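Student: Here you go, one structure.
The values are calculated or read from the model by the stated rules, or taken from the named source; none is laboratory data. Remember, predicted model here, so these are calculated numbers, not experimental data. Glycine also receives a Cβ, built like all others from the backbone with ideal geometry; neighbour counts cover every protein chain displayed.
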Amino acid sequence: MPRERDPDEPKIYFLPNLMTACNLACGFFAVLMIFKGQIEVEKMSHDDPLSVKQYYEISKHYYEYAILLIFGSCLFDLLDGRLARLGGQESPFGQQFDSLADIISFGMAPAMLLSRAVLFPLGNVGWAIALVYLVCGAMRLARFNCLAALPKKPDASKDFRGLPIPMAAGFIASLTFLLIDFYKKDNQLGLWKYILAGAMLGLSWLMISDVRYPSFKKVGWNTRGTLRAIVAALLLVFATIQFRYVMPVVLFSIFLVYGFFRPWISQRLRKEIEVDEDEETATPLITMANADKKDAP
């Protein structure tokens, strides 16, 4: 006889939580890649200190793998929420599991990458800045869960309060990707390392701030588009592949800055940018569906 399900047991939906598990796996392997890169550096620098160029020649492959894995986490994080909403399978378990995975993939892994690949010339100060980022990321996730647990209001905004941690991690990963190419050409950061340290602290503040960012949760398979939008998206993908070291930083930077300028953008332009559909277009469909239900025997 099959065991009767405990009513207090949380619902665990397979496909969305599988995507979350893949997100966590990518974060775990990203951390391992960073550790492996450090082990190789320590082996080579045992006798003689390494120059910046030598440091990156040894560790760049491991850091590049870690960056790709963080980007992979971003993709799986996007998929788990979409699949849950698409199938009506959102659950408290999925929400908590997602946050636990995010603190590894978008908190721990980028913090280590930040301190070892970007701020390593600053020594312990670099570690401290990475710790601030990690703590702010954890606080961002905790606040999100608290707000999500509150009763839903009909007119409640779906915007993110504070910078989403996957976007913060994506910015760090893309910036590190650019700096690997920068160091590979034997360039030196000079004073820029201090500017970058300040930028990382600003990024940490953004996560726990009240700056609003669009969630793009309304974008789905039924979202309408235009020919111009499709062509623009295609050109953007081509430019990102062609200028793969620069374009990711540009795209994430645009999203970061957008939150500051968003309140001054007109509602109409904001809806076009955020692919926000008017409720008027959905109302007739809902009305027709309700009418069909009433006419049904």
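Student: Considering each of ALA148, ALA138, ALA130 in turn, give the residue that is touching a residue at least 12 places away in the same chain (Cβ under 8 Å), in a helix (DSSP H, G or I) and crowded, with 22+ Cβ neighbours inside 10 Å.
Tutor: Numbers: ALA148 fails: crowded, with 22+ Cβ neighbours inside 10 Å; ALA138 fails: crowded, with 22+ Cβ neighbours inside 10 Å.
Exactly one of ALA148, ALA138, ALA130 is touching a residue at least 12 places away in the same chain (Cβ under 8 Å), in a helix (DSSP H, G or I) and crowded, with 22+ Cβ neighbours inside 10 Å, namely ALA130.
Student: So in the range 151-172, with the set limited to residues that are of a type in the set (Gly, Ala, Ser), out of contact with any Lys or Arg (no Cβ under 7 Å at 6 or more places or on another chain) and closer than 29 Å to GLY198 by Cβ, which one is surrounded by the most Cβ atoms within 10 Å (Cβ to Cβ)? Break it down stepwise before answering.
Tutor: Initial filter on the range 151-172 (of a type in the set (Gly, Ala, Ser)): 156-157, 162, 168-170.
Among the residues that remain, those that are also out of contact with any Lys or Arg (no Cβ under 7 Å at 6 or more places or on another chain) are: 156-157, 168-170.
Subsequent filtering for residues that are closer than 29 Å to GLY198 by Cβ retains 168-170.
Numbers: ALA168: 25, ALA169: 31, GLY170: 23.
Out of the qualifying residues, it is ALA169.
Student: Something else about it: I'm trying to understand the selection: among the residues of the range 151-164, which are among the aliphatic types (A, V, I, L, M) and either modelled with pLDDT under 90 or assigned to a helix (DSSP H, G or I) (or both)?
Tutor: First pass over the range 151-164, keeping only residues among the aliphatic types (A, V, I, L, M): 156, 163.
Of everything in the range 151-164, just one residue is among the aliphatic types (A, V, I, L, M) and either modelled with pLDDT under 90 or assigned to a helix (DSSP H, G or I) (or both), namely ALA156.
Student: Let me ask you something else. Looking at the range 65-83 only, could you name the residues that are closer than 17 Å to VAL249 by Cα and aromatic (Phe, Trp, Tyr)?
Tutor: PHE71
Student: Just name the residue that is nearest to GLY170 (Cα to Cα) out of those in the range 62-99 that are touching a helix residue (DSSP H, G or I) at 6+ places or on another chain (Cβ under 7 Å) and outside any helix (DSSP H, G or I).
Tutor: Per the criteria, the residue is GLU90.
Student: Determine which single condition TRP264 fails, assuming it passes every other condition in (1) modelled with pLDDT under 85; (2) over 30 Å from ASP181 (Cα atoms); (3) more than 18 Å from the chain's Cα centre (by Cα).
Tutor: (1)
Student: Now a separate question. If I go through the range 179-209 residue by residue, how many of them are within 16 Å of ARG244 (Cβ to Cβ) and either part of a loop (DSSP other than H, G, I, E, B) or at pLDDT 85 or above (or both)?
Tutor: So the answer is 1.
Student: Which one is farthest from the chain's Cα centre (by Cα), of the residues in the range 238-259 that are of a type in the set (Phe, Trp, Tyr) and surrounded by 13 or more Cβ atoms within 10 Å (Cβ to Cβ)? Can you show your working first?
Tutor: First pass over the range 238-259, keeping only residues of a type in the set (Phe, Trp, Tyr): 238, 243, 245, 252, 255, 258.
Filter once more, so that each one left must be surrounded by 13 or more Cβ atoms within 10 Å (Cβ to Cβ): 245, 252, 255, 258.
Values: TYR245: 18, PHE252: 10, PHE255: 11, TYR258: 16 Å.
This residue is TYR245.
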